[in-house]
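J.: Could you have a look at this structure, given as structure tokens, before my questions?
The numbers here are math on the coordinates, done by the rules we state, and not lab data. Since this is a predicted model, take the numbers as computed values, not measurements. Note: ideal-geometry Cβ built from the backbone for every residue, glycine included; neighbour counts use all protein chains shown.
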Amino acid sequence: MLLNKQKKNQNANARRLLISINVLGSAGPIRFVVNEEELVAAVIDTALKSYAREGRLPVLGTDITGFALYCPHVGSDALSPWDTIGSHGARNFMLCKKPQTSTSAAADVDGAGRGTAPLSRRGSGSWKAWFNKSLNLKISSH
């Protein structure tokens with residue numbers, strides 16, 4: 001019984017945050033309440049489950065290792081899955097799929113040393129470049 005009371009006191013002292021997560025390619029943010037001591041990996045898991053439960057598009061799946069959470073205030077690097085969500089002092093985040101690396105692309109080299117992998121139709125732009133550009137637009141507009 002005493003252990004149960006201690007656990008309740010710890011939960012009562014923990015700060016809860018309403019966070020907003022924008023999913024790249026989705027119409028709007030996902031909002032939910034988390035404990036500030038929650039790990040980033042657990043927040044990504046909750047976001048993916050909420051996204052799927054709401055039937056949003058595009059379909060993302062549930063594998064948290066394929067996604068990265070970003071905080072615009074921290075910079076362009078992804079948050080570590082082992083960080084606590086409250087350690088950055090932010091409440092707005094962006095969830096993006098990690099770029100897929102192809103191990104066979106390095107092996108697809110013809111006799112002249114040129115790569116034979118097909119080029120993407122979307123060009124050489126990346127979501128990281130888009131993210132940095134959107135941050136620069138927000139900063140320069142003030």
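J.: How much net charge surrounds N35 when only other residues with a Cβ under 9 Å from its Cβ are counted (Lys, Arg +1; Asp, Glu -1)?
T.: Charge balance near N35 sits at -1.
J.: To continue, here is another question. How would you rank 28-38, 86-96, 49-59, highest first, on the average number of other Cβ atoms within 10 Å across their residues?
T.: 86-96, 28-38, 49-59
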